[in-house]
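For reference, the structure discussed in these notes is given below.
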Amino acid sequence: MSNPRSVTVFAPATVANVASGFDVLGFALERPGDAVTVRRTEGRGVVVTSISGDDGRLPKDPAKNTAAVAARAFLEAVGSPFGVEIAVEKRMPLASGLGSSAASAVAAVHAVNLLAGGPLAPRELLPFTLLAEKAACGSAHADNAAPSLLGGFVLIRSYEPLDVLRLPVPPGLACAVVHPHTEVKTEDARRILKKEIRLADAIRQWGNLAALVASLYEGDLALLGRSLQDVVAEPVRSLLIPGFAGVKRAALAAGVLGCSISGSGPSVFALCAAADIAERAGAAMVEAFRAAGLGSDLFLSAVNTTGPVVLARED
Ligand code: HSE
């Protein structure tokens, strides 16, 4: 089969940090996500032709648009003889803590790799998406892009050199993510974090993170629940999320394994042992946000284990 002229790729939203793994752990969701269509052009270079679903807020400038930044870096790295036109379809809220900028970059770079005949393996595409994250929020964190690209839970053992590890996904695990109608910019949510942490907090955090990883290998959901604690980012960032304490209380009362902020917020996620628990907890979390004066959207999802998928192609 010859290389396609155009492909449309869906890349999933992600929950980064997963409580105790600030900047080093994330997982992919089945929904929501972004769809990006990339079409080969004769001339070199990258043009963003359209963006939908963003209320006109995202830049078309290829130096700033995350899909374009990732695609351009890829094309330069492989010495591509062609350029591309990109159409971005945002299917998730911006500045929501669901890895929106990463999903667009992952979809674009996966698509452009296919147009080029697939010279690189999925994990080799990660550095291009990190350039996009850096352009979007000033920080090249990988805990959204890596799970969106690879699917499942992904651990970033090291950034220099980049060393990422896919972790097992226990069967039946379900997630409720509630996105309250308020925005938190990742850049701002990073700026307010303390630059140093107390040794006692570090001990709790790495104990929880190590146990969380062990729980995924063991399929031990009770241990997973005990490990979903964040003493580093959540205490500070929750101040940016009206009603957070009540939302978390409502989730825990509904029987979730654990609940914390999704990425840099304001979305809040709860991991659950079964889909019906996620459904109940999600409704309770929506209600708790309502009591705090905020409307919200609920996303119920299993953990996505596939990463990006092709929705359409033109040969
Ligand atoms: N780890 C990043 C942060 C994820 O929490 O700032 C941003 O979505």
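Roughly how tilted is helix 244-253, in degrees to the nearest 10 and between 0 and 90, from the longest Cα axis of the chain? Between the helix axis and the principal axis of the chain, the angle is about 70 degrees. Considering helices alone, the calculated mean residue ellipticity of the chain at 222 nm is -10500 deg cm²/dmol, with DSSP H runs of length four and up weighted by -39500 (n - 2.57) and normalised per residue. Of all lysines in the structure, those lying under 21 Å Cα to Cα from Lys194, and not within fewer than 8 positions of it along the same chain, are Lys134, Lys185. Calculate, for Ala200 and Arg157, the FRET efficiency according to 1/(1 + (r/R0)^6) with r their C-beta to C-beta distance and R0 22 Å; round to the nearest 0.05. With a Förster radius of 22 Å, E is 0.35. So how far, in whole Å, is the C-alpha centre of segment 209-258 from the one of segment 58-94? If you average the Cα positions of each part, the centres end up 35 Å apart.
A 1.4 Å probe, protein heavy atoms only, puts the accessible area of Asp297 near 60 Å². Give the separation of the Cα centroids, segment 15-45 to segment 167-200, in Å. First find each Cα centre; the distance between them is then 16 Å. Estimated from the Cβ-Cβ distance and a Förster radius of 35 angstrom, the FRET efficiency linking Ser50 and Glu183 is about 0.95.
The values are calculated or read from the model by the stated rules, or taken from the named source; none is laboratory data. Bear in mind the structure is a predicted one, so any value in this text is a computation, not a measurement. Glycine also receives a Cβ, built like all others from the backbone with ideal geometry; neighbour counts cover every protein chain displayed. The area values use the complete protein model at the heavy-atom level, side chains included, leaving out ligands, DNA and RNA. Shrake-Rupley method; radii C 1.70, N 1.55, O 1.52, S 1.80 Å.
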